[in-house]
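Written out below as structure tokens is the structure these notes cover.
The values are calculated or read from the model by the stated rules, or taken from the named source; none is laboratory data. On a predicted model such as this, the values are computed, not experimentally measured, just so you know. Cβ placement follows ideal geometry from the backbone for every residue including glycine, while neighbour counts extend to all protein chains displayed.
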Amino acid sequence: MKLSRWLNVIKESRLWLTALCACNAFFIFLAWVAYPETFNLLVGFMMVFTLISILLTILLVVKKNEKHDKIFYDFIRDPSTELECALISSYGSLHKEKVSCLANKLRELNDQLDEIELQSMNDKEFIESWVHEIKAPIALINLVLENRKEEMSQLVYQKIEHARINIYDHVEQILFYARLQASHVDYRLERISFSLCCEEVMLDLKGMLEEKSVKVISEMEDVPVVSDKKALYFILTQVFLNSLKYSKEKIQSFIMIKTGFNKGNNQYFISITDNGTGVLDSELPFIFDKGFTGENTDKKQSSGIGLYLVKKLCDELQIEINVESEYGKGFEITFYFPEIYIS
């Protein structure tokens, strides 16, 4: 039995205890006046009896409160009619109206929560279904671009390829956003060749890299990481697209990829650096916030959700992120993979 419960009961009963002590003091005074010969004996009996009475009363109150608490918390978890009656019986009919009001409100909130969860599940299923349906026309666009490239001018090809990448990126963002809203997300953890994963991303973004005239500088070693391949592919795609979005037109833009092993924290890392516009110091702490687009962003072209999803996925996969930037000179983001994921 916790001491804090006893102290709480004493604190709540301090008014009655003060009144009891005052009565005892008065009776002690009367005993001193009326029975001076047996005063010490009477006072002794009175003090022992009072102390025992107080201890027994506190014990009974503590036991009663524990019983009340158990019924109350059971009722909060499941505000059924049966537990409502048990709570009223425990606290007395004096509180019947209050308990009934609380029970009705809790049942109403539980019904609303069930409806919201059902709606959320339906929305998630609809989004995933829509994503899989929309991937068919995207695949058709890919096929047309691959087979009819010679029939198009370079400018037309680049514009269609740019649009295809943007459409595919937004579809993937919707899909990952829906998955991350679920109460439980299953990740398929496997050994990944980072260099191959990165090459796949660069191949898919080849058209945009050529359009933006951005050079990719690779200083990669095939670091042994274990993660979810689809999630890692999405993370890298978002970082690359972010670098392309903020690349400069008047200079030779580049994206540099480095991999290695950090002996300080015993972790493999992947670093992606660009020489784009960078991020203001005042904005750097907020780049992973949902909806954040920054002062230097074309808000009509940006949803502000790409890096937010990157951060959410990294948190889920226990990948640490470090960002550095100097406005006007570039941006660097480094991912540190947990030691438990290294094989």
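Check Lys215 against each of (1) surrounded by fewer than 17 Cβ atoms within 10 Å (Cβ to Cβ); (2) closer than 22 Å to Gln154 by Cα; (3) touching an Asp or Glu at 6+ places or on another chain (Cβ under 8 Å); (4) not aromatic (Phe, Trp, Tyr) and name the one condition it does not meet.
(3) is the only condition that Lys215 fails.
So which pairs qualify, if the first residue must be in the stretch 299-323 and more than 23 Å from Ala163 (Cβ to Cβ) and among the charged types (D, E, K, R), the second must be modelled with pLDDT under 90 and assigned to a helix (DSSP H, G or I), the Cβ gap must be under 8 Å, and the two must be at least 6 apart or on different chains?
Going by the 8 Å Cβ cut-off, the qualifying pairs are Lys312/Leu180; Glu316/Leu180.
Have a look at Ile88, Ile54 and point out the one that is touching a helix residue (DSSP H, G or I) at 6+ places or on another chain (Cβ under 6 Å) and either modelled with pLDDT under 80 or not assigned by TED's automatic domain parsing to the domain that holds Leu17 (or both). Talk me through it step by step, then tell me what you get.
Numbers: Ile54 fails: touching a helix residue (DSSP H, G or I) at 6+ places or on another chain (Cβ under 6 Å).
Checking each option against the conditions leaves just Ile88.
Give me the pairs: first residue in the stretch 166-182 and modelled with pLDDT under 85, second residue of a type outside the set (A, V, I, L, M, F, W, C), beta-carbon distance under 6 Å, and six or more apart or on different chains, which are they?
Correct list of pairs: Ala178/Lys124; Leu180/Lys312.
Does the stretch 259-281 hold any residues that are touching a strand residue (DSSP E or B) at 6+ places or on another chain (Cβ under 6 Å) and of a type in the set (S, T, N, Q), and which are they?
Of everything in the stretch 259-281, those that are touching a strand residue (DSSP E or B) at 6+ places or on another chain (Cβ under 6 Å) and of a type in the set (S, T, N, Q) turn out to be Thr259, Asn262, Gln267, Ser271, Thr273, Asn275.
For the stretch 165-205, which positions are surrounded by 13 or more Cβ atoms within 10 Å (Cβ to Cβ), in the same structural domain as Phe240 (by TED's automatic domain parsing), in a helix (DSSP H, G or I) and of a type outside the set (Val, Ile, Thr)?
Hits for the stretch 165-205 are Phe194, Ser195, Cys197, Cys198, Glu199, Glu200, Met202, Asp204.
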